[in-house]
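A short write-up of the structure that comes next.
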Amino acid sequence: MKTLVLTAHPDLAKSRINRAWFEALSEAENVTTRDLTAIGGTEMRFDIKVEQALLLAHDRIVFQFPFYWYSAPPVMKAWMDQVLSYGFAYGPGGDLLKGREFLIMVSTGGPEHSYHAGGYNNYSMAEFLKPFQQTANLAGLTYLRPFVAHGMALANKDQIDANVPEMLAYLTDPDLDPKVKQARLLQQLEDDPTKAAAVS
């Protein structure tokens, strides 16, 4: 499985968790990383054909960003507006991304308990990320469970270092889609019926 990670951070060099994620993913096998702020420049303009070709060349698409005002930094939205165009990601003939996997990888400054009804932020992360989920649905992408790192504003180096391998294990797991995992297990049972007893 080939994974494309699109990182949207206004100053990745000064980040702690997002920089650590980006650096680790840049060295991972079958993973392509893209720093959208560096690529888009101050005008946040992208070569649409290049970006679309990269999407088509990968099986899993990941949006990585710090949580900014309950959404992603502006460069992420600029990339989406330009690249996920009519006739490519949606509309007549716009089914070129159909069947690929999509997930969000996001860091928050606040703790996990602040993201629920009655908490400081009133809503869950799942609710805040609904616009991205619907974007995936419209484009025919399979929306996977997001990877969220809470409380990063106060995280120390040991906590960040411990989070990176957890992130890598999740982002590179080929069985994040339950349907894919089920199909693989069924195929294994067909290939070797003796495993059925062990599974049951």
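Hey, if you put +1 on the Cβ of every Lys and Arg and -1 on every Asp and Glu Cβ in the chain, which of LEU54, GLN159, GLN82 ends up farthest toward the positive end of that dipole?
GLN82
Expressed in nm to one decimal, what extension gain is obtained for the pair ALA162 and ALA13 from 0.36 nm per residue of sequence separation less their Cα-Cα distance?
So the chain would gain 51.7 nm between ALA162 and ALA13.
How long is the gain from ALA38 to ALA57 if the chain were fully straight, where each residue apart is worth 0.36 nm and the alpha carbon distance is subtracted?
4.7 nm
Order by neighbour count: TYR143, TYR123, fewest other Cβ atoms within 10 Å first, most last. Display every interim value, and only then the final one.
Details: TYR143 18, TYR123 13.
Fewest to most other Cβ atoms nearby, the residues stand as TYR123, TYR143.
Compute, for the chain, the length of the dipole vector about the Cα centre, with Cβ point charges of +1 (Lys, Arg) and -1 (Asp, Glu) only. Units Debye, rounded to 20.
360 debye
Under the 0.36 nm per residue contour assumption, what length would be gained going from the current alpha-carbon distance of ILE48 and ASP175 to full extension?
Net length gain for the segment: 42.7 nm.
Given points 7 Å out from each Cα along the Cα-Cβ axis, report the SER85 to SER71 separation in nanometres with one decimal.
Placing both labels 7 Å beyond Cα along the Cβ direction yields 2.2 nm.
What shape does region 1-48 take by its C-alpha gyration tensor, where a ≥ b ≥ c are the square roots of the eigenvalues and a/c under 1.5 counts as rounded, a/b above b/c as prolate, and the rest as oblate? Present the calculation step by step, with values, prior to reporting the outcome.
Details: a/c = 3.34, a/b = 1.23, b/c = 2.70.
It is oblate, given that a/c is not under 1.5 and a/b is not larger than b/c.
Every number here is computed from the coordinates shown, using simple stated rules; none is lab data. The structure presented is a predicted model; accordingly, all values stated were derived computationally and were not measured. Don't worry about glycine lacking a Cβ; one is built from the backbone with ideal geometry, like all the others, and counts go over all protein chains shown.
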